Structures are given as structure tokens and as C-alpha cells.
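The values are calculated or read from the model by the stated rules, or taken from the named source; none is laboratory data. Because the structure is predicted, anything quoted here is derived from the model rather than measured. Here the Cβ positions follow ideal geometry from the backbone for every residue, glycine too, while neighbour counts run over all protein chains shown.
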Amino acid sequence: MFPTGHAFTFTTPYTIGPTGWTDEAFAARIGTAAEVIGLVSDDEYDRSEVGDMYRVRFMADGVEMTVWPEEIDPSLLLAEG
């Protein structure tokens, strides 16, 4: 589980973004700072089917997105303070 409120550099192994995002807009987020808001609630996803998903907020513009754990690299957590 990733800590709520911690900042990290967004990365992804995927080339296609979430519904409503163009691939270019999604790709432009790679390497930018984001903050973990928390786990996505069980009523939004079937956790037993898809596993944990996280809600994150991009720091530059406040845009929120749901991401998979593999898109939050713990080695890329940004220093606090």
C-alpha cells in the first residue's frame, strides 16, 4: 500500500490512458509530480477482480486520475518538506 499524501514521479508501463484521455495527454504525464490521494473505494471497482487502484492528483494542475500500483514507483517518492 502506498502512503496517502506522499508525492512521487508518475511512471507507467502502459501506452493507453484512462477513458476520456488521449494517448498524448496520458503520455505527457509521465515524469511529472503527483500525490497519492488514497485507495479507490470498493464500490468503484471490484478489488477481487482488478486489485488495488489508487486515486492520484497531479501537482502542476490538480488533475486527478485513477492509477494501478505499478504506475506508482516507490523508488520515485519525492522528498518531503
Next item on the list: Please specify each residue of the stretch 26-62 satisfying the condition of being closer than 18 Å to residue 72 by Cα and either small (Gly, Ala, Ser) or touching a His at 6+ places or on another chain (Cβ under 6 Å) (or both).
Entry: 27, 28, 31, 33, 34, 36, 38, 41, 51, 60, 62
Checklist line | Residues that are modelled with pLDDT under 90 and among the β-branched types (Val, Ile, Thr), drawn from the stretch 28-81 | finding: 50, 72
Checklist line | Condition met for residue 53 (without any contact (Cβ under 8 Å) to a residue 24 or more places away in the chain and surrounded by 15 or more Cβ atoms within 10 Å (Cβ to Cβ)) | finding: yes
